[in-house]
Amino acid sequence: MAAIGKTILVGIGGGTASGKTSIARKIEESIGRENSAMVELDAYYHDLSRMPVEARAEVNFDHPSAFDFDLLLEHLGALLAGQAIRMPLYDYVNHNRREESVLIEPRPLIVVEGILALWHEDVRNLLDIKVYVDAADDLRLVRRIRRDILERGRVLETVLRQYEEDVRPSHLEFCEPTKLFADVIIPRGGENAVAIEMVRSLLLSRFRS
């Protein structure tokens, strides 16, 4: 696909392990990596280096207060203005930002992906298209357990306790209500090829308009 000159900002929100990242990557691939960049909301957890590791582990990372939305807004504004940013990287084992960061160049398509990508009003006001990825609770829990154990070095008891005490209550209070702001709701997550194609077609029509 030839380079596209118009910048479109897409937000992809939804519950933990619902398939948001898979959908974001499929959209990126369909538009072209040279035309797209992804900003991950998880990268914008607050810097907790002032806290002991044990205390960091008790933070509710599914609550809006866990995210540095001010920095996110600053970075989105820069990208929309044609400026590159240094997106933080997050260490899920130590519950903190890494020392290194990753360069994100401005692209015609900027995808913001994360559980609360549609939660903050100022972020929503920047978004051209708002997508909510929906998936059954039991499926999301199974995926969360598998991911946290295999990829993030957690143990089952810790994963289940965190899900019961933090993840599920925060999902019901903060994440699920953002479905009301969505322009497109994708059920069944990344397996819904028809819905993903609809979003792709919508993006292409926006680029051409």
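The values are calculated or read from the model by the stated rules, or taken from the named source; none is laboratory data. As the structure is a prediction and not an experimental result, all values here were calculated from the model. Glycine gets a Cβ as well: all are built from the backbone with ideal geometry, and neighbour counts include every protein chain shown.
Out of Glu113, Glu191, I need the residue that is within 28 Å of Ile31 (Cα to Cα), buried (at least 16 other Cβ atoms within 10 Å of the Cβ) and of a type in the set (Asp, Glu). Which one?
One residue alone meets the criteria, Glu113.
For Glu28, all conditions in the list (1) in contact with a Ser or Thr (Cβ under 6 Å, 6 or more places away or on another chain); (2) not in a helix (DSSP H, G or I); (3) not hydroxyl-bearing (Ser, Thr, Tyr) hold save one; what is the number of the exception?
All conditions pass for Glu28, except number (2).
For a quick check of your reading of the model, give me the residue pairs whose first member lies in the stretch 21-48 and is without any contact (Cβ under 8 Å) to a residue 12 or more places away in the chain and among the polar types (S, T, N, Q), whose second is in a helix (DSSP H, G or I) and crowded, with 18+ Cβ neighbours inside 10 Å, with beta-carbon atoms closer than 8 Å and at least 6 apart or on different chains.
Cβ pairs passing all conditions: none.
Consider Glu54 against the criteria (1) within 14 Å of the chain's Cα centre (by Cα); (2) part of a helix (DSSP H, G or I); (3) of a type in the set (D, E, K, R): it satisfies all of them except one. Which criterion is unmet?
Of everything listed in (1) within 14 Å of the chain's Cα centre (by Cα); (2) part of a helix (DSSP H, G or I); (3) of a type in the set (D, E, K, R), Glu54 misses just condition (1).
Could you please find all residues in the stretch 28-65 being of a type in the set (D, E, K, R) and surrounded by 15 or more Cβ atoms within 10 Å (Cβ to Cβ)?
Glu28, Glu40, Asp42, Arg56, Asp62
Out of the stretch 145-160, which residues are surrounded by 11 or more Cβ atoms within 10 Å (Cβ to Cβ) and among the charged types (D, E, K, R)?
Arg146, Arg147, Asp148, Arg152, Arg154
Restricting the search to the stretch 7-39, which residues are charged (D, E, K, R) and touching an Asp or Glu at 6+ places or on another chain (Cβ under 6 Å)?
Hit for the stretch 7-39 is Lys20, nothing else.
When you scan the stretch 88-104, do you find a residue that is crowded, with 18+ Cβ neighbours inside 10 Å, at pLDDT 95 or above and within 12 Å of Tyr45 (Cβ to Cβ), even just one?
Taking every residue of the stretch 88-104 in turn, at least one turns out to be crowded, with 18+ Cβ neighbours inside 10 Å, at pLDDT 95 or above and within 12 Å of Tyr45 (Cβ to Cβ).
Suppose the filter is of a type in the set (Gly, Ala, Ser) and either surrounded by 15 or more Cβ atoms within 10 Å (Cβ to Cβ) or in contact (Cβ under 8 Å) with a residue 12 or more places away in the chain (or both); does Ala135 pass it?
Judged against the criteria, Ala135 is a match.
In a helix (DSSP H, G or I) and within 19 Å of Ser65 (Cβ to Cβ): is that true of Glu197 in this structure?
Spelling it out, it is not the case that Glu197 is in a helix (DSSP H, G or I) and within 19 Å of Ser65 (Cβ to Cβ).
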